[in-house]
Amino acid sequence: MATEFLEMPDKDGYFGEYGGQIIPPPLIEIMNEINDAYDKVVQTEAFQNELHELYADYVGRPSPIYFARRLTAHVGGARIYLKREDLNHTGAHKINHCLGEALLAKYMGKTKVLAETGAGQHGVALATACALVGIECEIHMGEIDIEKEHPNVTKMKILGCTLVPVSRGTRTLKDAVDSAFEEYLKDPVNYFYAIGSVVGPHPFPKIVRDFQSIVGKEAREQFLAREQKLPDVLVACVGGGSNAIGLFTAFINDESVKMIGVEPAGKGLNTTDHAATMTLGSKGAIHGFKCYNLQDQEGNPLPVYSIASGLDYPGVGPQHCYLKDIRRVEYKTIDDKECLDAFMLLSRKEGIIPALESAHAVAYAMKIAKDMSSDETILVNLSGRGDKDADFVTEHLSL
Ligand SMILES: *Cc1c(COP(=O)(O)O)cnc(C)c1O
């Protein structure tokens, strides 16, 4: 098993039958150039030194692992640890790959970094990275999302990116993707499209995974130093899958370590209001790659929903699909109510307000901890902090 995973994807960008480049030939050429630059530039000492210096002095890495003593006592059973990605500058794991992508764009001599954003989390992380690296940044965002996500919109403006409101169609993420992509196609040689998770055409699932793998590398060392053994179970939430693959990669050859990805069951798997792509999806293509998809009979993406806006994506990273099929990772679901319970419990037992995305992982850890012994351990990737969700939760629960 050892090298097999490290050599993935294959040269065409496939993880088993998933991934690839389902895009027009001229774009394949551009993607292959990015792949070549990635292989050449990112492995150099200069790039790695610059990136790791920024991880340390700017992001605040390594993020600690924390033993959640009071949460564990409350739940009973296995001891629950948290990898504190919520303590990163900008408050989530996304800065890890946004910094890598912005630096890569700069090393490649690109003139502008482009992306879409839904709730604005990817937009803020990318605008931050571009401000730091000193490269122009343009973010496309649906008008409805702009109205809903006021704090993130203000942050992006302050950070100096160009915010393009999208007024067509649904005026949400779906049309923002199309709008940003059209702009990208005007000059793909000089522009860089920064994808926000381990999705999209090859080489992005690989690039974003590699930048995020710092999370698992640190966590493995930290956990061994502290417990003199590896965790029994890893748990992470899965939207596109970047924080999960970031944690899992360093442990993938440790056969004793069980890994669980948690998807949003939303208002229930028997409703249409969920985003349980791995659990209920079928194989198909979306946004330039093959993966499990929530799609209609014609292969069009279905509307998806989660209380955590970072998890409502109708596709999922190709490597996750492969890991599911070979059963190296199990994919489970948590619904809105379980997520909110975990959000409140972690806040009140530990003084840590988690992102609603991360609360899905916490909720699943609580569910399985009960049936495990106190000799056993669970390591949860706390992918982000919940400041962004605080107003919504107080209103929703009438606190
Ligand atoms: C965006 C986001 C996620 C979901 O993205 P992945 O690529 O699946 O990690 C999870 N947690 C937080 C805090 C996020 O902002």
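The values are calculated or read from the model by the stated rules, or taken from the named source; none is laboratory data. The shown structure was predicted, so the numbers you read here are calculated from the model rather than taken from an experiment. Positions of Cβ are backbone-derived with ideal geometry, glycine not excepted, and every protein chain shown enters the neighbour counts. Remember, those area values only see protein heavy atoms, side chains included, never the ligands or the DNA or RNA. Shrake-Rupley method; radii C 1.70, N 1.55, O 1.52, S 1.80 Å.
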Discussion item. Just to confirm my understanding: which cysteines in the chain have no other cysteine beta carbon less than 4.7 Å from their beta carbon?
Written reply: 98, 237, 291, 321, 339
Discussion item. Among 127, 102, 250, which one shows the highest mean-square fluctuation when the chain is modelled as a Gaussian network with alpha-carbon springs under 10 Å?
Written reply: 250
Worksheet item: So which of 174/332; 174/217; 112/337; 83/332; 267/388 end up more than 31 Å apart, counting from Cα to Cα?
Response: 174/217; 112/337
Worksheet item: Roughly how compact is the stretch 322-390, stated as its Cα Rg over 2.2 N^0.38 Å to two decimals?
Response: 1.19
Worksheet entry | With DNA, RNA and ligands ignored, accessible area of residue 331 (1.4 Å probe; Å², nearest 10) | 30 Å²
Worksheet item: Sorted by accessible area (1.4 Å probe), largest first, how do 209, 70 line up?
Response: 70, 209
Practice prompt. Specify the residue with the greatest mean-square fluctuation among 136, 376, 330, computed from a Gaussian network of the chain linking alpha-carbon atoms under 10 Å apart.
Written response: 376
Fill in: C-alpha long axis of helix 94-107 to longest principal axis of the chain, angle in °
30 degrees
Discussion item. Given N residues in the stretch 106-183, what is its alpha carbon radius of gyration divided by 2.2 N^0.38 Å?
Written reply: 1.02
Worksheet item: Roughly what % of Cα-Cα distances in the chain sit above 37 Å, to the whole percent?
Response: 14 percent
Item to complete: With r as the distance between the Cβ atoms of residue 302 and residue 341 and R0 = 41 Å, compute the FRET efficiency 1/(1 + (r/R0)^6) and round to 0.05.
Response: 0.90
Worksheet item: Tell me, what is the percent relative contact order of the stretch 237-297, built from C-alpha pairs under 8 Å that lie six or more residues apart?
Response: 20 percent
Worksheet item: Which GluC sites (Glu not before Pro) does the stretch 227-325 hold that lie in a coil by DSSP with at most 15 other beta carbons within 10 Å?
Response: 255, 298
Discussion item. Leaving ligands and nucleic acids out of the surface, order 171, 61 by accessible area at 1.4 Å, largest first.
Written reply: 171, 61
Discussion item. Given Cβ point charges of +1 (Lys, Arg) and -1 (Asp, Glu) and nothing else, what value in debye, to the nearest 20, does the dipole of the stretch 293-365 about its Cα centre take?
Written reply: 340 debye
Practice prompt. Give me Rg over Rh for the stretch 222-362, both radii from the alpha carbons and Rh done the Kirkwood way, two decimal places.
Written response: 1.00
Response to the item:
Quick calc, the stretch 161-224, dipole around Cα centre from Cβ unit charges on Lys, Arg (+) and Asp, Glu (-), nearest 20 debye, gives 160 debye
Worksheet, complete the sentence: Sorted list, accessible surface of protein heavy atoms, 1.4 Å probe, largest first, for 372, 141 is 372, 141
Worksheet, complete the sentence: Rounded to a whole %, the carbon-and-sulfur portion of the accessible area of the chain at a 1.4 Å probe is 51 percent
Response to the item:
Around residue 284 (Cβ within 13 Å, Cβ-to-Cβ, excluding residue 284; K/R +1, D/E -1) the net charge comes to -1
Fill in: Accessible area in square angstrom per residue, the stretch 107-197, 1.4 angstrom probe
42 Å²
Worksheet item: What percent do you get for the relative contact order of the stretch 230-372 when only Cα pairs under 8 Å and 6+ apart count?
Response: 26 percent
